[in-house]
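Only the coordinates and a few stated rules stand behind these numbers; no lab work does. As the structure is a prediction and not an experimental result, all values here were calculated from the model. Virtual Cβ from ideal backbone geometry, glycine too; neighbours counted across all protein chains shown.
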Amino acid sequence: MRTDRHRCCASCIREDGPYLIGMMKLTLVQDQAIQALMAGIVGAETFDRVFAGIRFDNIEGTMLYAFAGNAEVASDIEDSYSPYIAAVASQVLDKQVDVVIVMPKVLQ
């Protein structure tokens, strides 16, 4: 006889699926720590040119959301620097970050 414990329900999925855990707003210190470490990786000149005005905003499961100055910059950061940001954010936040989504500030 089959038990109810194997039935799939929303609460079971939330426990097993880290991607469904609620959204957590980053603190100013966490945001600035990620920025500082990224500046150390890419260098001051590149950081000032590419990352000017970026804000690492929140994390939902393993997805980190950030806002950049405009769509072009957001796309460049997402395409070129996501793996580095994910590694740094995982270290700062002490939780796994697999995906970095960078949106223009106009969508904030």
key: Dipole moment magnitude, nearest 20 debye, the range 23-104 about Cα centre, only Lys, Arg, Asp, Glu C-beta charged   = 220 debye
key: Relative packing of 36-48, 80-92, which averages over residues the other C-beta atoms within 10 Å, highest first   = 80-92, 36-48
message = Per residue of the range 22-30, what does 6.51 cos²θ - 1.76 cosθ + 1.60 with θ = phi - 60° give for ³J(HN,Hα)? Whole Hz please, x for Gly and Pro, Karplus curve as stated.
response = x, 7, 10, 6, 6, 7, 4, 5, 5
message = Using 0.36 nm times the number of residues separating Lys25 and Met103, minus their current alpha carbon distance, what extension gain do you get?
response = 26.5 nm
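Could you rank the peptides 54-61, 67-74 by their average count of other C-beta atoms within 10 Å per residue, with the highest value first?
Those peptides, ordered most packed to least, come out 54-61, 67-74.
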task = Calculate one ³J(HN,Hα) per residue across the range 33-46 by plugging θ = phi - 60° into the Karplus curve 6.51 cos²θ - 1.76 cosθ + 1.60, and present them in order as whole Hz with x for glycine and proline.
result = 5, 4, 4, 5, 5, 5, 4, x, 6, 8, x, 4, 4, 5
task = Could you go through the range 85-96 in sequence order and give the Karplus-derived ³J(HN,Hα) for each residue, using 6.51 cos²θ - 1.76 cosθ + 1.60 with θ = phi - 60°, rounded to whole Hz, and x for Gly and Pro?
result = 4, 4, 5, 5, 5, 4, 5, 5, 8, 6, 7, 5
task = Taking H placed 1.01 Å from N in the peptide plane, check which residues at least 5 places from Asn58 or on another chain put their amide H under 5 Å from its amide H.
result = Leu26, Tyr65
task = Counting residues in the range 28-77 as N, plug N into 2.2 N^0.38 Å and put the Cα Rg over that result.
result = 1.11
